[in-house]
Amino acid sequence: MQEVSRIPDRYSDKAGISAVIPYYGDPKDTLELIRQLQEQVVASSLEIIVSDDCSPVPFPQTEGVRLVRRETNGGFGSAVNSGAAVATGRWLFILNSDLTLKPNFLQAMVDSGERLGHALVSPQVVDHKGIGQWVGRAFPTTFHYVWEWFTPLARFRSTNFWHRMVGHDLKCTTGAVVETDWVIGACMMLPTELFLEMGGFDESFFMNCEEVDLQRRLRDRGVPRVFDGTITVEHLGGGSSGDSTRRRRWLLESRFRYAQKWQESNYLVVALKIATYLNFIYNTVRSCRNAKVSPRFTLQEELEYIKKAQAQT
C-alpha cells in the first residue's frame, strides 16, 4: 500500500472543506453542482476542486473553482486522487457530479463528522423519487456476486431477502446512524489527511470497487465507516459511465480485480460460469414461451464478459 507522509502545517483552516468532483464528459452536471456548492451555508471555508480526467470536452475555467487537469484518463479513483492531492481543507468530500444538495448539506455532514471523529461518513443517497439506493453494504463475497448473476433470482429483486443475499445492509435506512462495512462512493466525506495517509484510491481500479477497497483498508486500520441517514442527498446515477454494456463490463472487471487483490478469487470464475450455464438452461425454458428470449446469445455474451474481465486481472 502506498503511504503518503503527514504534512502537519498543510491544513491552515482546521474546519475547512475541500469538495472534489471528478469530471469526464459534459460539464453541465458539474457546473450545476458547483452552483449548489457555492450556495451552501457553511461555518468554514469551502474549496471546490474539479479534477478533469483528460475529458474529450475539457472543463472550463470557472470562478471560485480550482481546476486540476490530468494528462491521461485513469478513471474515478485516479481523478479523485489528483484532486485530493491539492486539497487544503480538513474535510474531504468526494462527490459525483450528478448530485442535488440541500442548502445545509455540507454543514450537516461536517457536524456529523465532528461528532464521529476519525471516520468515513456517507449520507442517505436517494433517487429523484426519494427512494434509498442501498448505501451501506457488506464486504463482497463470491456468494454475493453469484446470487446477483443468477437470472432466475431476479424475480426477487424487490424483496429484502434478495437485497440481503447480495450484501446490502438493511440497517442503513433513512433516519438511522449505523456503522457498516462500506458505503457507495457517490457521496463520501472523511478527513483529508486520513485519505492521503491511506494512499487514496487504488488506481488499478478504473471504475467500481475502488471505494470498497479503500474502506476495507480503513477497516483494517480500525477506522469506522458510518452511514448517517439523518442527512440525505439526491443522486441521478449512471451519468458518467456511459452505456449499460460498458458499465457491466467495468463492474465485472473491477470485481475480479477486487477478488484477486483480497485473495477471494479462487472460486469466482468457476462459480460465475456455473451460474451462466444454469442461466442458459433457465432461458431455454423461457424461450419456449417467449420468442424474444435468446438463450444462446445470452450464454455467449455472459461467457465473453467473464473471459474479458478475467483477462484484465
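What to note about this one:
- Which listed residue is modelled with pLDDT of 95 or more, closer than 30 Å to GLY25 by Cα and either touching a helix residue (DSSP H, G or I) at 6+ places or on another chain (Cβ under 6 Å) or among the aliphatic types (A, V, I, L, M) (or both), from LEU214, LEU218: LEU214
- Qualifying position, being of a type in the set (Gly, Ala, Ser), in a helix (DSSP H, G or I) and either crowded, with 21+ Cβ neighbours inside 10 Å or in contact with a Phe, Trp or Tyr (Cβ under 9 Å, 6 or more places away or on another chain) (or both), among SER82, SER97, SER55, SER122: SER82
- Residues of segment 210-237 that are surrounded by 22 or more Cβ atoms within 10 Å (Cβ to Cβ) and at positive phi: none at all.
- Whichever residue in segment 241-290 is among the small types (Gly, Ala, Ser) and part of a loop (DSSP other than H, G, I, E, B) and, among such residues, is nearest to PHE143 (Cα to Cα): SER265
- Residue within segment 287-295 that is more than 24 Å from GLU179 (Cβ to Cβ), touching a residue at least 60 places away in the same chain (Cβ under 8 Å) and not assigned by TED's automatic domain parsing to the domain that holds ASP29 present: no
- The residue list VAL212, VAL178 contains one member that is in contact with a Lys or Arg (Cβ under 9 Å, 6 or more places away or on another chain), assigned by TED's automatic domain parsing to the domain that holds VAL110 and part of a strand (DSSP E or B), which is VAL178.
- In segment 304-313, of all residues being aliphatic (A, V, I, L, M) and surrounded by 14 or more Cβ atoms within 10 Å (Cβ to Cβ), the one that is nearest to ASN208 (Cα to Cα) corresponds to ALA309.
- Test result for GLU301, acidic (Asp, Glu) and loosely packed, with under 15 Cβ neighbours inside 10 Å: yes
- Just one of (1) outside the structural domain of THR284 (by TED's automatic domain parsing); (2) touching a residue at least 60 places away in the same chain (Cβ under 8 Å) fails for TRP149. It is (1).
- The set of residues in segment 215-240 that are in a loop (DSSP other than H, G, I, E, B), farther than 20 Å from SER97 by Cβ and touching a strand residue (DSSP E or B) at 6+ places or on another chain (Cβ under 9 Å) comprises VAL223, PRO224.
The values are calculated or read from the model by the stated rules, or taken from the named source; none is laboratory data. What you see is a predicted model; the values in this text were computed from it and never measured. Glycine gets a Cβ as well: all are built from the backbone with ideal geometry, and neighbour counts include every protein chain shown.
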